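The structure under discussion appears below in the form of structure tokens.
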Amino acid sequence: MADIKVDVLVIGAGPTGLGAAKRLNHINGPSWLILDANEKAGGLASTDVTPEGFLYDVGGHVIFSHYKYFDDCIDEALPKPDDWYTHQRISYVRYKGQWVPYPFQNNISMLPKEDQVKCIDGLIDAAMAARVATDKPKNFDEWILRTCGEGVADVFMRPYNYKVWAVPTTKMQCQWLGERVAAPDVKLVTRNVILNKTAGNWGPNATFRFPARDGTGGIWIAVSDTLPEKNKRYGEKGEVTKVDADKKVVTLKDGTTIGYDKLINTMAVDHLVEKMGNQELITLSKGLYYSSTHVIGVGIRGERPERIGDKCWLYFPEDNCPFYRATIFSNYSPYNQPQADVKLPTLYKADGSKADSSEAKPGPYWSIMLEVSQSTMKPVDEENILKDCIQGLINTEMIKPEDEIISTYHRKFDHGYPTPSLEREGVLKELLPKLQAQGIWSRGRFGSWRYEVGNQDHSFMLGVEAVDNIVSGAVELTLNYPDFVNSRANTERRLDQPFYSAGTPPKELPSRERA
């Protein structure tokens with residue numbers, strides 16, 4: 001007999017696990033428990049704080065949503081207007097010493113003339129080829145060539161995506177793209193080149209929210225705080241060491257055993273099958289590919305420079321810096337760094353030279369967060385990554401050699417990006433149903449390994465929809481139909497709506513007049 005028995009056990013208190021727990025608590029049906037090996041909720045959407053008081057998220061996270069239920073839960077957790085800042089996205093691509101507005105492929109009017117010609121030639125060739133094409137692109141590289149042409153592929157898409165994914169574009173499939181990548185309008189691009197105009201904002205995150213305090217991680221701590229304490233086990237007492245799928249028992253690090261009827265797993269699925277000890281599934285999971293992410297933070301003394309302005313996040317396709325993206329994290333909230341009256345010493349200057357003084361001095365301060373990818377196909381000099389990133393900031397004119405570095409941060413996340421590799425769908429179509437046949441719903445950024453539904457709103461709803469599937473057999477739209485949920489306002493679920501499982505209608509059905 002297990003020490004604890006629940007109807008539904010949730011492993012992981014990141015956005016997916018919290019989505020599942022929130023829905024279980026909302027419907028007040030099956031008994032449930034949520035586990036996490038960390039003391040605080042958040043998972044891959046957590047926030048770290050340096051000793052000096054600079055905040056850094058686990059990579060670039062912002063809040064924009066495709067779902068009303070997600071909005072309801074976030075607003076319930078942080079309900080006050082001053083809990084949030086709302087920003088217009090201001091993003092650029094650094095190319096040949098200038099800032100090209102995002103998305104790059106719609107703004108080639110900003111490029112040198114020879115690059116403009118190369119890109120337009122490619123766009124025209126691609127448009128003509130697309131008219132007579134009878135088959136679909138076989139991989140991401142073919143999609144790039146058919147959509148953007150050779151010019152844009154060579155100057156931006158191939159080098160940038162290799163820096164992001166840490167694999168060549170030829171080794172990635174293209175079904176994941178959806179709303180993630182802008183397909184250029186050849187007529188608009190040509191018109192803008194002739195008129196020397198830039199294209200406007202594109203994409204679902206053109207406007208986004210960010211919490212005023214505690215970073216992105218603060219959101220998920222607040223959501224967790226809306227759940228009953230008796231249903232949560234965090235820290236060492238919530239760390240899973242073994243999953244016995246046959247007996248439906250999970251063993252924790254402290255020796256506690258938990259019996260369950262259904263399991264919602266949000267840890268990386270390759271880690272899950274190892275804890276299950278199922279050799280068939282372990283072998284199958286080895287067909288899934290991922291990259292690691294290094295998050296680097298640099299805290300700087302002084303007013304934010306005018307050349308930086310109110311930029312949000314920036315892209316770097318060239319090899320003069322190791323990072324693919326930089327976020328001006330201090331622009332998201334004035335509380336993401338120490339206040340100006342806090343006195344801090346200078347560690348060193350950006351060029352590595354010694355500080356003029358070791359005396360602690362007041363600010364103001366600003367900060368940059370960088371992301372560097374790593375894989376077996378893209379090695380990284382981990383020992384020198386911080387130094388190389390700071391030099392990259394100088395090379396790209398983000399900071400000056402004489403700038404005073406006040407604080408640095410570096411953390412590696414082994415599972416950073418779930419790669420949409422060519423082999424991925426073949427593995428998932430076999431692996432996920434095999435797990436579900438054993439009563440395990442594996443969901444989330446790495447639980448179900450689908451990057452195209454890996455944003456915070458998607459991840460949360462993967463947990464919500466897994467619960468609805470378990471309780472009432474509802475179709476999991478986010479997992480199975482990413483393009484559908486990304487193309488519409490998903491308003492069917494609301495936090496203030498009652499929930500009725502299959503076979504249990506409301507006590508009084510509405511009459512035609514009431515309806």
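The values are calculated or read from the model by the stated rules, or taken from the named source; none is laboratory data. Since the structure is predicted, the reported quantities are computational estimates derived from the model, not experimental observations. Cβ atoms come from the backbone with ideal geometry, glycine included; neighbour counts cover every protein chain shown. Just the protein is used for accessible areas: all its heavy atoms, side chains included, with ligands, DNA and RNA removed. Shrake-Rupley method; radii C 1.70, N 1.55, O 1.52, S 1.80 Å.
The table that follows gives values for the structure above.
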read-out: J(HN,Hα) series, the stretch 65-77, from Karplus relation 6.51 cos²θ - 1.76 cosθ + 1.60, nearest Hz, glycine and proline x; value: 9, 9, 9, 5, 5, 4, 4, 4, 5, 5, 5, 5, 6
read-out: Probe 1.4 Å, accessible area per residue of the stretch 85-153, Å²; value: 48 Å²
read-out: Heavy-atom surface of the stretch 391-485, accessible at 1.4 Å and reported per residue (Å²); value: 33 Å²
read-out: GluC sites (Glu not before Pro) restricted to DSSP loop in the stretch 253-346 with at most 12 other C-beta within 10 Å; value: GLU303, GLU306
read-out: 11 Å beta-carbon shell around TYR67, net charge (K/R +1, D/E -1); value: -1
read-out: ³J(HN,Hα), Karplus 6.51/-1.76/1.60, whole Hz, each residue of the stretch 208-215, x for Gly, Pro; value: 8, 10, 9, x, 5, 10, 6, x
read-out: For the stretch 333-467, alpha-carbon Rg relative to the globular expectation (2.2 N^0.38 Å, N residues); value: 1.52
read-out: Computed over the chain, Kirkwood Rh from alpha-carbon pairs, angstrom; value: 24.6 Å
read-out: Net +/- balance of residues flanking LYS5 in space, Cβ distance below 10 Å, scoring K and R +1, D and E -1; value: -2
read-out: Stretchable slack from ASP244 to LYS429, in nm (0.36 nm times residue separation minus alpha-carbon distance); value: 64.4 nm
read-out: Loop GluC sites (Glu not before Pro), the stretch 33-110 (other Cβ atoms within 10 Å of the site Cβ: 11 or fewer; DSSP); value: GLU39
read-out: Positive-end residue of ALA153, ASN455, ASN139, charge dipole of the chain with Cβ unit charges; value: ASN139
read-out: Full-extension gain in nm, LYS113 to ARG307, via 0.36 nm per residue minus C-alpha separation; value: 67.4 nm
read-out: Cα-based shape type of the stretch 1-85, given that a ≥ b ≥ c are square roots of the gyration tensor eigenvalues and the cut on a/c is 1.5; value: oblate
read-out: Three-way shape label, the stretch 84-238, alpha-carbon gyration tensor, a/c 1.5; value: prolate
read-out: Local electrostatic count at VAL380 - Lys and Arg +1, Asp and Glu -1, tallied over other residues with Cβ under 14 Å; value: -2
read-out: Distance in nm between pseudo-label sites at ASP121 and VAL475 (7 Å out along the Cβ direction from Cα); value: 4.7 nm
read-out: Average Cα contact separation per residue, the chain, under 8 Å, 6 or more apart, as relative contact order %; value: 24 percent
read-out: Modelled FRET efficiency - R0 56 Å, GLN279 with LEU195, Cβ distances, 0.05 increments; value: 0.35
read-out: Degrees between helix 15-27 axis and first principal axis of the chain (Cα, 0 to 90, nearest 10); value: 40 degrees
read-out: Distant-in-sequence amide H partners of LYS5 (H built 1.01 Å from N, under 5 Å); value: GLY259
read-out: Solvent-accessible area, 1.4 Å probe, carbon plus sulfur percent, for the chain; value: 50 percent
read-out: Length released on extending from ASP185 to SER31, taking residue separation times 0.36 nm less the Cα-Cα span; value: 50.2 nm
read-out: At R0 = 51 Å, FRET efficiency that the Cβ-Cβ distance of ALA129 and TYR348 yields, to 0.05; value: 0.45
read-out: Gyration tensor (alpha-carbon) shape descriptor, the stretch 434-490, a/c threshold 1.5; value: oblate
read-out: Surface accessible to a 1.4 Å probe, LEU347 within the full protein complex, Å²; value: 80 Å²
